[in-house]
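I have placed the structure first, in the form of structure tokens, so that the comments after it can refer back to it.
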Amino acid sequence: MEDLPDAAVLATRLKNTLIQYHSLEDDKWRVAKKMKGVTIWRKPSEEFNGYLFKAQGVIDDVVNSVIDHIRPGPCRLDWDSLMTSLDILEYFEENCCVMRYTTAGQLWNIISPREFVDFSYTVDYKEGLLSCGISLDWSEKRSEFVRGYNHPCGWFCVPLKDSPNRSLLTGYIQTELRGMIPQSAVDTAMASTLINFYGDLQKALQKA
């Protein structure tokens with residue numbers, strides 16, 4: 001059995017880190033890609049030798065539906081084309097768990113499939129929700145996957161002021177894919193992956 005973290009302490013620290021990212025001034029960010037109503041920015045990460053990405057776009061659905069599709073659970077595998085498996089390893093309470101998931105290869109398999117073990121926490125934020133996560137140093141590894149690492153990341157989802165049935169979704173992602181992959185390839189893949197994430201999420205919600 002793994003030595004699990006103190007969930008309450010980790011959850012509070014994670015939430016505070018994400019709120020700090022969310023309050024960064026606009027001039028700290030540089031646009032990486034803009035497409036289909038979604039904008040991706042980036043800045044050097046303070047956690048590792050890569051980038052912290054910020055993604056933002058409007059989703060045509062209410063906050064709870066959007067977050068239910070993003071947070072760990074059966075919905076996520078149905079629509080997220082990058083995710084190939086997802087298992088909940090440990091529940092702390094309804095909104096807090098440890099999950100293990102795997103991702104498909106990317107960029108014509110230049111980036112091979114990866115495995116992550118993340119602590120995930122969903123909490124009220126202003127009039128919406130924040131769903132955030134961070135990877136754990138989980139000792140049990142599977143030889144067919146490279147173990148990646150998510151530094152603090154998460155999704156803020158709040159209703160649009162003039163249109164409460166639509167949501168503004170803002171994500172912060174900083175993923176260390178590890179293995180032999182050059183960081184420039186990771187950066188190229190990340191911006192495109194985030195644009196696709198919004199499109200796939202919107203399609204899934206329209207079907208729901």
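Every listed requirement among (1) out of contact with any helix residue (DSSP H, G or I) (no Cβ under 9 Å at 6 or more places or on another chain); (2) polar (S, T, N, Q); (3) in contact (Cβ under 8 Å) with a residue 60 or more places away in the chain; (4) open to solvent by less than 20 Å² (accessible area, probe 1.4 Å) is met by Ser167 save one, (1).
Within this structure, Asp87 passes the test of being in a strand (DSSP E or B), of a type in the set (Asp, Glu), at pLDDT 90 or above and open to solvent by 20 Å² or more (accessible area, probe 1.4 Å).
A single member of Ser131, Ser135, Ser163, Ser120 is polar (S, T, N, Q) and over 14 Å from the mean Cα position of the chain (by Cα), and it is Ser163.
Residue check: is Leu129 part of a strand (DSSP E or B), in contact with a helix residue (DSSP H, G or I) (Cβ under 8 Å, 6 or more places away or on another chain), of a type outside the set (Phe, Trp, Tyr) and surrounded by 14 or more Cβ atoms within 10 Å (Cβ to Cβ)? Against the criterion (part of a strand (DSSP E or B), in contact with a helix residue (DSSP H, G or I) (Cβ under 8 Å, 6 or more places away or on another chain), of a type outside the set (Phe, Trp, Tyr) and surrounded by 14 or more Cβ atoms within 10 Å (Cβ to Cβ)), Leu129 qualifies. Here the condition is being of a type in the set (Asp, Glu), under 14 Å from the mean Cα position of the chain (by Cα) and farther than 23 Å from Thr12 by Cα; of Asp87, Asp80, Asp68, it holds for Asp80 alone.
Scanning the stretch 30-70 for residues that are open to solvent by less than 50 Å² (accessible area, probe 1.4 Å) and β-branched (Val, Ile, Thr) turns up Val38, Thr39, Ile40, Ile59, Val63, Val66, Ile67, Ile70.
All of (1) open to solvent by less than 30 Å² (accessible area, probe 1.4 Å); (2) over 20 Å from Val62 (Cα atoms); (3) modelled with pLDDT of 90 or more hold for Glu176 with one exception: (1). For the stretch 20-29, filtered to residues that are touching a residue at least 12 places away in the same chain (Cβ under 8 Å) and under 25 Å from Lys161 (Cα atoms), the residue that is surrounded by the most Cβ atoms within 10 Å (Cβ to Cβ) is Tyr21.
Glu144 meets the conditions (1) assigned to a strand (DSSP E or B); (2) loosely packed, with under 14 Cβ neighbours inside 10 Å in every case but one. The failed one is (1). The single residue among Lys43, Lys28, Lys34 that is over 24 Å from Glu127 (Cα atoms) and touching a helix residue (DSSP H, G or I) at 6+ places or on another chain (Cβ under 6 Å) turns out to be Lys43. Listed by first and then second residue, the pairs with beta-carbon distance under 8 Å, at least 6 apart or on different chains, first residue in the stretch 145-163 and farther than 25 Å from Ser45 by Cα, second modelled with pLDDT under 95 and buried (at least 18 other Cβ atoms within 10 Å of the Cβ), form an empty list.
Among the criteria (1) within 30 Å of Pro159 (Cα to Cα); (2) out of contact with any strand residue (DSSP E or B) (no Cβ under 8 Å at 6 or more places or on another chain); (3) surrounded by fewer than 16 Cβ atoms within 10 Å (Cβ to Cβ), the one Ile110 does not fulfil is (1).
Residues that are in a strand (DSSP E or B) and open to solvent by less than 30 Å² (accessible area, probe 1.4 Å) do occur in the stretch 73-83.
The values are calculated or read from the model by the stated rules, or taken from the named source; none is laboratory data. A quick note: this is a predicted structure, and the numbers were derived from the prediction, not measured. Positions of Cβ are backbone-derived with ideal geometry, glycine not excepted, and every protein chain shown enters the neighbour counts. For accessibility, only protein heavy atoms count, side chains too; no ligands or nucleic acids. Shrake-Rupley method; radii C 1.70, N 1.55, O 1.52, S 1.80 Å.
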